[in-house]
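Step one of this worksheet: look at the structure below.
Only the coordinates and a few stated rules stand behind these numbers; no lab work does. These numbers were taken from a predicted model, which means no experiment stands behind them. Every residue, glycine among them, receives a Cβ derived from its backbone with ideal geometry; neighbour counts consider all protein chains shown.
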């Protein structure tokens, strides 16, 4: 079966533009997470979905960041008016109900120029 | 979230055992100890987790101190493919998110 799929794998955008990052979790996984990893740093939690609702959005760094999930499956992370400090790898993970193991995608490398 | 402390880096030789330490002196009774690793240019992958007893799986072993204030991830016979950043994470039972620290960068010498 397919793992967590993220697209695009790489994105270069101009400062001030909006970007959308997509995550396709493993089928049947109800929990979905977004993290970001700046160069040489650890992973920073952004948001957690259970089904289509987001009970924990505590890691979103500003109101320029938003995320949604539809049909309990695909999730989109949107960054509005991108800034250079938004440059990072954005990672998505999903987890099956009652399971401990989270499965991560390969990430989207975002570069804001 | 309870905090973990790991060495920034470690080095070992191929085909030798590797012991990766993690201190978590403020661990609570309901915190599970999780280990993930991140190979170069990839997302993290699950390695192992435990609560009180030592755990073994096909990838590694987890040795947990009796007072649970520390744990050790054991790779029994390291290969070059084990070179990665290893993260020790505490997660409270019922909590949903994993909080990653800086991890230990493991280098394996041929």
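Among the residues of the range A:31-49, the one identified as more than 10 Å from chain B (Cβ to nearest Cβ) and in contact (Cβ under 8 Å) with a residue 60 or more places away in the chain is A:32. One residue stands out among those in the range A:6-19 that are surrounded by fewer than 15 Cβ atoms within 10 Å (Cβ to Cβ) and part of a strand (DSSP E or B): the one that is farthest from the other protein chains (Cβ to nearest Cβ), which is A:12. When residues in the range A:94-108 are screened for being surrounded by fewer than 21 Cβ atoms within 10 Å (Cβ to Cβ) and either more than 9 Å from chain B (Cβ to nearest Cβ) or out of contact with any strand residue (DSSP E or B) (no Cβ under 9 Å at 6 or more places or on another chain) (or both), 4 of them pass. Just to verify a result, which residue in the range A:50-93, among those that are within 14 Å of chain B (Cβ to nearest Cβ) and in a loop (DSSP other than H, G, I, E, B), is surrounded by the fewest Cβ atoms within 10 Å (Cβ to Cβ)? Only one residue fits best here, namely A:58. Scanning the range B:90-104 for residues that are assigned to a strand (DSSP E or B) and either facing chain A (nearest Cβ under 10 Å) or out of contact with any strand residue (DSSP E or B) (no Cβ under 7 Å at 6 or more places or on another chain) (or both) gives a single hit, B:91.
Going residue by residue through the range B:72-83, is there one that turns out to be crowded, with 21+ Cβ neighbours inside 10 Å, touching a residue at least 12 places away in the same chain (Cβ under 8 Å), more than 13 Å from chain A (Cβ to nearest Cβ) and more than 12 Å from residue B:27 (Cβ to Cβ)? Scanning the range B:72-83 turns up at least one residue that is crowded, with 21+ Cβ neighbours inside 10 Å, touching a residue at least 12 places away in the same chain (Cβ under 8 Å), more than 13 Å from chain A (Cβ to nearest Cβ) and more than 12 Å from residue B:27 (Cβ to Cβ). Taken over the range B:41-69, the criterion of being more than 12 Å from every other protein chain (Cβ to nearest Cβ) and assigned to a loop (DSSP other than H, G, I, E, B) is satisfied by B:52, B:53, B:54, B:58, B:60, B:65, B:66, B:67, B:68, B:69.
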